[in-house]
Amino acid sequence: CQLLAAQLSAPGWREDGVSQFRESLPAMYQQLGHTAEGLMQTQLNAFTHGDDYRFVLPPQAVLEKRTMEEVKAWLAPVLTSGYLEIGIVGDCDPAEVTAAIASTLGALPARDAAKPALADARKIAFPTGVKDQAFPFTSKIPKSVVAVYWPTTDRMSNIRQSRHMTLLSEILDDRVRLKIREELGESYSPQVASMMSDTFPGYGQTFAMMITEPKHADKLGPIVRDLADKLAKEGATADELDRARKPLLTALEEQRRNNTYWLSTVVAASQSQPQRLDWSRSMVEDFTSATLADLNALAKQYLKADRATIARITAEDEKPTKP
C-alpha cells in the first residue's frame with residue numbers, strides 16, 4: 001500500500017523511459033507489420049472497432065514525437081485526483097487491511113467521488129456493410145489468419161445473455177473444430193469465442209479465428225459462416241449443450257478458487273458497478289439453467305450468414321532484397 005500510494009503521489013516522469021520507448025519502436029513496427037499476429041493486433045483490431053483512433057496504430061514517426069511532458073499533462077490529473085477504487089482479495093485480516101489503507105492510500109488528498117460518464121467516448125461500432133475484408137502483408141513465413149465476426153451487444157445490459165452467448169460459442173467452436181481441423185485438416189487451431197464489452201454500450205462480437213496456410217485462406221471463412229448459419233437455422237442439440245456446459249462448469253469452479261478472478265472481475269470495480277457482486281453469485285446458475293431454447297434463440301438472432309463479416313490476414317512472399 002505504501003508503494004501504490006507513492007506511485008500515485010510521486011510519479012517519476014523520467015526521460016530515460018521515453019528514450020527506451022523510442023529505441024524499441026523500429027523492432028516493434030517490424031514485428032507488427034510483417035507477422036500475422038502483428039496485423040491482428042493492429043489492422044484487424046482497428047477494423048473491428050470501426051477504425052476508431054484509439055484502436056489504430058499511428059505511423060512510427062508520430063509515436064517518435066511523443067514526449068514525457070505530453071504523458072504528464074495527460075496522466076498527472078488522473079493520478080492526483082481521479083476517481084479511485086481499491087480492491088484487495090486473499091487470506092488477510094480485514095482490520096489489518098483497513099489500517100494499512102487508512103495510513104497510505106486513505107491519507108492521500110481528496111479525489112473525485114465518481115467516475116466521469118464519458119458518454120461520447122463510449123461510442124464504438126462494428127463496421128457495417130462490410131462482408132469481406134483482406135489484410136495482405138509480406139513475410140517469409142507462409143502463415144495466414146482467417147477470422148469470421150458476428151456483431152452482438154454488450155454484457156453490462158444483460159449478463160445472463162452474455163453467459164448464454166459463451167455457451168453458444170462453445171457449441172459453434174466444437175462444430176468448427178470438427179469440420180476445419182479434423183475433417184479438412186486445414187487449420188491448426190480453430191477457435192470460437194464471444195466477446196461482449198463492459199466498456200462500450202451495445203458493442204460485442206462472436207468470432208471464429210483460424211491459423212492456416214495462405215492457400216487455404218479464401219475458402220475457410222465461407223465454410224465457418226455456413227456452419228454458423230446452419231446453427232442459426234436448425235439450432236443446437238441437447239447433446240451439444242451438455243458437452244459445452246460440463247467443461248465450462250468445471251472451469252468456473254476452478255476459477256472461483258482463484259484470486260485473480262475475484263480481484264479483476266468482481267472486486268476491482270464493485271464500487272462503481274455494484275452489480276458485479278450479484279454477477280458472481282448468479283454465474284453458476286446462469287450457465288446451469290440455460291436451455292436449448294435460450295441458445296437457439298440467440299443463434300437465430302446473431303449467427304445468420306447475412307450478419308457475418310470475413311476477414312483474412314494473408315501472407316505474400318517477401319521479395320528478396322537487391323544487394
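The values are calculated or read from the model by the stated rules, or taken from the named source; none is laboratory data. Since this is a predicted model, take the numbers as computed values, not measurements. Note that each Cβ is placed from the backbone with ideal geometry, even for glycine, and that neighbours are counted across all protein chains shown. The accessibility values were calculated without ligands, DNA or RNA, using every heavy atom of the protein model including side chains. Shrake-Rupley method; radii C 1.70, N 1.55, O 1.52, S 1.80 Å.
Normalising by the residue count of the chain, find the relative contact order in percent from Cα pairs under 8 Å and 6+ residues apart. Worked out over the chain, it gives 25 percent.
Rg and Dmax over the alpha-carbon atoms of the chain stand at 23.2, 71 Å. The relative contact order of the stretch 151-206, computed from alpha carbon pairs under 8 Å that lie at least 6 residues apart in sequence, is 52 percent. Just list whichever of Lys72/Lys115; Lys215/Lys246; Lys219/Lys300; Lys123/Lys219 have alpha carbons separated by over 32 Å in the model shown. Long pairs (Cα-Cα over 32 Å): Lys215/Lys246; Lys123/Lys219. Using the C-alpha atoms of the stretch 40-196, what convex hull volume per residue, in cubic angstrom, is computed? Dividing the Cα hull volume of the stretch 40-196 by its residues yields 242 Å³.
By accessible area, using a 1.4 Å probe on protein heavy atoms only, the stretch 1-143 has 60% of its surface on carbon and sulfur. Taking all protein chains together and a 1.4 Å probe, the residues Arg163, Arg177 rank Arg177, Arg163 from largest to smallest accessible area.
Using a probe of 1.4 Å, the accessible surface attributed to Ile88 totals some 80 Å² when neighbouring protein chains are kept in position. Pairs of Cα atoms nearer than 8 Å and 6+ residues apart set the relative contact order; for the stretch 168-323 it is 26 percent. Using only alpha carbons, the stretch 213-267 has a radius of gyration to Kirkwood radius ratio (Rg to Rh) of 1.22. On the basis of the beta-carbon distance and an R0 of 30 Å, Ala102 and Arg54 show a calculated FRET efficiency of 0.25.
With a 1.4 Å probe rolled over the protein heavy atoms of all chains, the accessible area of Arg312, Arg243, Arg225 falls in the order Arg243, Arg225, Arg312, largest first. DSSP loop (so not H, G, I, E, B), at most 13 other Cβ within 10 Å: list which trypsin sites (Lys or Arg not before Pro) in the stretch 1-82 pass both filters. Sites meeting the loop and neighbour criteria: Arg14, Lys65, Arg66. Solvent exposure of the chain, expressed per residue, is 57 Å² of accessible area, with all protein chains present and a 1.4 angstrom probe. Measuring nothing but protein heavy atoms, the accessible surface of the stretch 144-214 at 1.4 Å probe radius is 46 percent carbon and sulfur. Counted without the sites themselves, the longest stretch of the chain free of GluC sites (Glu not before Pro) in a DSSP loop having at most 13 other beta carbon atoms within 10 Å is 86-317.
Largest accessible area first, the residues Lys131, Lys143 order themselves as Lys131, Lys143 under a 1.4 Å probe with ligands, DNA and RNA left out.
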